Amino acid sequence: MSTLVFLALSCDIYVVDRRFRCSTMMSSRYVVLLTLLLGVGVSAVEVQRPRGVPLSKLQFYEEGKPFTCLDGSRTIPFDRVNDDYCDCSDGSDEPGTAACPNGSFHCTNAGFRPVFIPSSRINDGICDCCDTTDEYNSGAVCQNTCRDLGRKERESLLKLAEIAKEGFLLKQQLIQEAKRGLEEKRAKAADLQVNKKDLEEKVEALRTVKEAAEQPEKQAKERHLKAWEEEKALIRIEEEKGKMAEVFLELDDDADGFVSVAELLSHAELDPDSDNSFTEEEAQGILGGVDKVDTAAFEAVWNNIKEKYISEAAPAPVETAQEEIREPVSDNDSEQYPEDDITEDEDDDDEEDEDDDPDDGDYKSHSATRTPEKKDDDEGTMPPYDQETQILIDAAQKARDEFEESEKALREVDDQINNLEKEISFDFGPSSEFAYLYSQCYELTTSEYIYRLCPFNRVSQKPKYGGSETNLGTWGKWAGPEDNIYSMMKYEHGTGCWQGPNRSTTVKLTCGKETVVTSTSEPSRCEYVMEFICPAICQEPPNLVSEEHEHEEL
């Protein structure tokens, strides 16, 4: 088996003189590969090269040949490499000394992971490389801890690899569940489409029945109203005659059966020009140019004076009457104030409750039609409908109720179809592995806030000890890099910050066996980052057997 020099996280893996590069984001495939490399037996080998040079750049440092600075700025003899004098502007000629301020030193760290450190840390008396190679000439006493660090990291990586493996197995279950769920939703949507068609036909049939029933109802109601208007007109005429007779008697002070000019002058409010000088000529003009009129002739006079006439038997002054009327109105208004505080949502709930209770609906419609108009005035209350009219009203109301019930059912089916089609067409990942997150919410409680993530819907923040909820963004899109777009979610257009942008949240998904929000931060003003663990993001681990054979061949 070949000897290996390797790097663990965010690193380069070296296999003799062959180089593998890993991503800065740990995937389950990488974890398993790395643990495999560590597990099959890893040992360090010393490859002859200038101090501080990584294997990946060894080709540029050929002893005995002139050295060209890595930035191409100049070429120098090879014996000036690591001579503790900086010749190259990029510091590449002094990889193993502290001569160049911008240089870097490569720690091999056999048994752990190689790193680069600034060249200023070379021989500074502090051990930066776990293999102690950075303090080769400082006299510092350093202990090589690379194998111990590598052992601990292998243990950690083995745990992560096991989590990735279990997470991927859970992901496979989620994919199968999503597949079954998708088939069920499509079948349900198809059934609902058939049901919708039947309901549409039913609604149109009931609409025809309703319109046919409402026509005779309308005519019967109009007849009833017309009869009542005619009756009220007769009542008004009789009342007017009664009032005129009362006024005639009031004006006929001597009870001789006539109203004279002198008797008319006792009512100054009848002065035609209201100049506080009611003359006999003006009074005679009101009486039609005669000195007195009898009951029959008084009808014409009454039409001229009834708007101004003030009865001698009038009650207390108008101001007092208004004050007496105003008090109960004020009481009634104060009793209505609580109703004004009812929110629109509560009103809507009340309306829905009324719609959902058929018994209440029948009672309301029945009482409404039995007493069509309740106006308490001098003309009395409109009488209830006669039996024939009421039968027509009840029939029309029944047709309306059946139509509205059927129309409501159609709307509900239509809403169900729209929701199903939206869910079916939604991007839940390549194999719909994220579908199980739909309609779910996950919370994280910190010392100050409760954060709530509802995938594909919204993110919110609420003070832990009371206060209003703040919208940190609604679902926008998948926002990961091109090669892993499903690794991030973007939620946008949240509540606006004071004199700032609208809040937004980026949700970073990592592989795990559980589905849980692990952290939330605000790296920039009004821009939040949330860490979210879920098995749906786990990637397929490599075939361990084939990987092992491959590296044994290397």
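A quick yes/no check of all residues on (1) surrounded by fewer than 18 Cβ atoms within 10 Å (Cβ to Cβ); (2) in contact with an Asp or Glu (Cβ under 8 Å, 6 or more places away or on another chain); (3) outside the structural domain of residue 515 (by the TED database):
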residue	(1), (2), (3)
430	yes, no, yes
455	no, no, no
469	yes, no, no
473	no, yes, no
476	yes, yes, no
485	yes, no, no
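Out of the strands (runs of 3 or more DSSP E) lying entirely within the range 466-541, which hold 3 or more residues that are more than 20 Å from residue 443 (Cα to Cα) and among the acidic types (Asp, Glu)?
Those strands (runs of 3 or more DSSP E) do not exist here; none qualify.
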Residue within the range 477-493 that is hydroxyl-bearing (Ser, Thr, Tyr) and touching a residue at least 60 places away in the same chain (Cβ under 8 Å) present: yes
If the Cβ limit is 6 Å and pairs must be 6+ apart or interchain, which residue in the range 245-257 that is farther than 12 Å from residue 302 by Cα pairs with which residue that is modelled with pLDDT under 85? 250/312; 253/263
Filtering the range 111-143 down to residues that are under 53 Å from the mean Cα position of the chain (by Cα), assigned to a loop (DSSP other than H, G, I, E, B) and of a type in the set (A, V, I, L, M, F, W, C), which residue is farthest from residue 98 (Cα to Cα)? 112
I'm trying to understand the selection: among the residues of the range 499-508, which are within 20 Å of residue 451 (Cβ to Cβ) and out of contact with any Gly (no Cβ under 8 Å at 6 or more places or on another chain)? 500, 501, 506, 507, 508
If you check 116, 112, 105, which single one turns out to be in contact with a helix residue (DSSP H, G or I) (Cβ under 8 Å, 6 or more places away or on another chain), open to solvent by 10 Å² or more (accessible area, probe 1.4 Å), under 30 Å from residue 149 (Cα atoms) and aromatic (Phe, Trp, Tyr)? 112
Taking residue 503 and the conditions (1) open to solvent by 20 Å² or more (accessible area, probe 1.4 Å); (2) within 30 Å of residue 172 (Cα to Cα); (3) modelled with pLDDT of 95 or more, which numbered condition does it fall short on, given that it satisfies the others? (2)
Mind listing whichever residues of the range 436-469 are within 14 Å of residue 489 (Cα to Cα) and of a type in the set (A, V, I, L, M)? 437, 453, 459
Going through 239, 222, 200, 217 one at a time, which residue ends up being free of Cβ contacts under 8 Å to residues at least 60 places away in the same chain, assigned to a helix (DSSP H, G or I) and not small (Gly, Ala, Ser)? 222
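The values are calculated or read from the model by the stated rules, or taken from the named source; none is laboratory data. Because the structure is a prediction, the values reported are computed rather than measured. Please note: Cβ atoms are built from the backbone with ideal geometry, for glycine as well, and neighbour counts cover all protein chains shown. The protein model used for the area step is the full one, side chains on, heavy atoms only, and it has no ligands, DNA or RNA in it. Shrake-Rupley method; radii C 1.70, N 1.55, O 1.52, S 1.80 Å.
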